[in-house]
Amino acid sequence: MNEPAHLHWGADALQQTLEPLLPGLTVEVVASLDSTNTRLLERARAGAHAPCLLVAEQQTRGRGRLGRGWASNALDSLTFSLALPLAPADWSGLSLAVGLALAEALDPVAAGAAPRIGLKWPNDLWLIDGPGAGRKLGGVLIETVSVGAQRWCVIGVGLNVRPVAVEGLATACLQELQPQALPPQALVAVALPLVRALQAFEPLGFAPLVPAYARRDLLLGQPVSTGAGGASGGMAGCVEDGIADGVDGRGALRLRRVDGNVSSIVSGEVSVRLRRPAASGAA
Ligand code: BTN
C-alpha cells in the first residue's frame, strides 16, 4: 500500500480533462516510489491495457537519459510518467516534440518575444540566462515496449519546480520564472499540451515543429562538442566538434564542422555540451 500524497494534485479533475483524449486513462499520485518510468514499463510488460499518468512526489531511483540517474527532492520537483500506446508513422524526433510541448506550455511567448525556457538538444529544458547559456530545468526520458501488436510508450518528465541542488550541475527551477509555481500547478500546465502534442505527432511527425523548436534552440549557432554518451554522463570517445546548425525534420542535430561539411547527429546516440571558449589573455 502506497503512502498517500502530501500535496493536493487534483487528480480527478486532471483525469476528467485528459480522459476524452485518452479513453480509459487513470491518474495516480503516490508519495514515493522508485521511478515512475520503471513502474509504468513494468505494468506495460505485464499487459496493462489502459493509459496511465503516474505522479510521484518523490522518486528513490529516478532515471535519466543515457543510463544516468535523475535527482529530485520530495515536493520540490515534478516527476511523472505517461504510458500510452503510440503508433507514429516515424518515431524520429518524438523526444524533441515532447520537450517542445513542455517548454511551450510552461513558457508561452508572443510572436517575436524571446523565450525564457530553451531546449538543449535533444530534449533538455533549460532556463535561458543569455545567448547559448543557461541552466538545466528539466528533462525527458522516453522508453518504449512492445505489447502484443502495440508499442507502448512511457514518457517520463522531471522538472525542478523549487530549487534542487544537483552535485556538479548548475540547475534552474520553475520558480525563477513563476515564483508561486508548485509541482501540481506545473503538472496541470503541461499535461493537456503534452497529450495533444503526442496525438499530433502520430500522424505528422516532427517536421512541422522545426520552426518552433528553432525559436527555443539553445545550441543554435553555438560551438558544441558531441560525444558518445556514457553511463557516467561523460563525453566518452569525443567524436566531433562544430557549430550547431539547428535540427532537421527528423530531429537530428545538424553539426557544421570546421571543413564546412554538415553531419547529422541522431537523437539518443550522443550527448552534446556547450564547449567553453578557450580562455584568452590573463585572468
Ligand atoms: C534526463 O534529463 O536525463 C531525463 C530525466 C527524466 C526524469 C524523469 S522523472 C519521471 C520519470 N521517471 C524517471 O525515473 N525518469 C523520468
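The values are calculated or read from the model by the stated rules, or taken from the named source; none is laboratory data. All of these numbers come straight from a predicted model, not from anything done at the bench. All Cβ positions, glycine included, derive from the backbone under ideal geometry; neighbour counts span all protein chains shown.
Tell me which residues, restricted to the range 250-266, are among the charged types (D, E, K, R), touching a strand residue (DSSP E or B) at 6+ places or on another chain (Cβ under 7 Å) and more than 15 Å from V210 (Cα to Cα).
Taking the range 250-266 and keeping what is among the charged types (D, E, K, R), we get 250, 254, 256-257, 259.
Those still in the list that are touching a strand residue (DSSP E or B) at 6+ places or on another chain (Cβ under 7 Å) too: 254, 256-257.
Scanning the range 250-266 gives R256, R257.
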Subset of the range 158-171, residues touching a Ser or Thr at 6+ places or on another chain (Cβ under 7 Å) and not in a loop (DSSP other than H, G, I, E, B), comes to G158, L159, N160
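Let's see how each residue does on (1) at pLDDT 95 or above; (2) closer than 22 Å to A11 by Cα:
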{"residue": "L78", "(1), (2)": "yes, yes"}
{"residue": "P85", "(1), (2)": "yes, yes"}
{"residue": "D129", "(1), (2)": "no, no"}
{"residue": "R135", "(1), (2)": "no, no"}
{"residue": "G139", "(1), (2)": "yes, no"}
Here are V27, V55: which of them is farther than 19 Å from G138 by Cβ, under 21 Å from the mean Cα position of the chain (by Cα) and not in a helix (DSSP H, G or I)? V27
Within the range 36-60, track down each residue that is near the ligand (Cβ under 7 Å from one of its atoms) and surrounded by fewer than 22 Cβ atoms within 10 Å (Cβ to Cβ). T38
Name the one entry in Q178, Q199, Q150 that is surrounded by fewer than 17 Cβ atoms within 10 Å (Cβ to Cβ) and more than 18 Å from C52 (Cβ to Cβ). Q178
Would you be able to say whether some residue in the range 100-117 is at pLDDT below 95, under 24 Å from L33 (Cβ atoms) and crowded, with 18+ Cβ neighbours inside 10 Å? no
N73 vs (1) in contact with a Gly (Cβ under 6 Å, 6 or more places away or on another chain); (2) more than 25 Å from R215 (Cβ to Cβ): all pass except (1)
Could you list, in sequence order, all residues of the range 62-87 that are assigned to a loop (DSSP other than H, G, I, E, B), among the polar types (S, T, N, Q) and near the ligand (Cβ under 9 Å from one of its atoms)? S72
For A44, work out the one condition from (1) outside any loop (DSSP other than H, G, I, E, B); (2) more than 23 Å from L75 (Cβ to Cβ); (3) in contact with a Leu (Cβ under 9 Å, 6 or more places away or on another chain); (4) of a type in the set (A, V, I, L, M, F, W, C) it doesn't fulfil. (3)
Would it be correct to say that A83 is crowded, with 23+ Cβ neighbours inside 10 Å and hydrophobic (A, V, I, L, M, F, W, C)? yes
